[in-house]
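We did not get these values from a lab; they are worked out from the coordinates using the rules stated. Quick caveat: nothing in here was measured; it's all calculated off a predicted structure. Backbone-built Cβ (ideal geometry, glycine too); neighbour counts: all protein chains shown.
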């Protein structure tokens, strides 16, 4: 039953994406994906504490767990998105809502070449740009590692996936250390100890997306970082 539920959530994520793509001209960046919810928040002048910016790993998190509802966090993940797409909608989905903290998870779909050839410099630059925009607007930043993946299931021809992930994670961690941003290392908490540098079978169904057990580990780590940062 858990496997069926997981598959249904995955399918629903991409089904919604398809509808959105058909109904607006800004589908590439998902500029209108959260527009109605954002407008409601602004109209009601709701206080926003934490926003999670990400791809399907973030979006599915909201569908599989009660973590966001229980803590009053906003989920702004869109399945399939890469760092340039997230950067394009960052102002409307994050800055315009004036959160205290933004948690950014990005990179795996860049490596998967979802929107073009992967470039480390381009992807890392986009993550830096989102961070700089947040900081310039008084928003505290938590950057997270890319999750482990031995291969990309929908792009099995892509080589050296773990090497690319390691390179990007090392750069993000170093960037956080240099500038005093918080870094949450999901990778070290989730990586299999069998040497594959992928996700353990008990934490995933497809090798990229985590299941409920994986999210439980992520929740504990990021909640600790959020609570600590809110006290500063």
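For the reader, a short list of remarks on this structure follows.
- Residues located in region 118-145, provided they are closer than 29 Å to residue 100 by Cα, touching a helix residue (DSSP H, G or I) at 6+ places or on another chain (Cβ under 6 Å) and in a loop (DSSP other than H, G, I, E, B): 137, 145
- From the list 153, 148, 84, the one residue that fits, being out of contact with any helix residue (DSSP H, G or I) (no Cβ under 9 Å at 6 or more places or on another chain) and touching a residue at least 40 places away in the same chain (Cβ under 8 Å), is 153.
- Some residue of region 148-169 being closer than 21 Å to residue 100 by Cα and not in a helix (DSSP H, G or I): no
- Apart from one condition, residue 187 fits all of (1) assigned to a loop (DSSP other than H, G, I, E, B); (2) under 16 Å from the mean Cα position of the chain (by Cα); the exception is (1).
- Among residues of region 111-127, those that are crowded, with 17+ Cβ neighbours inside 10 Å, out of contact with any strand residue (DSSP E or B) (no Cβ under 7 Å at 6 or more places or on another chain) and closer than 14 Å to residue 172 by Cβ, counted: 4
- Criterion: assigned to a helix (DSSP H, G or I) and farther than 17 Å from residue 105 by Cα - qualifying residue of 228, 232, 224, 197: 228
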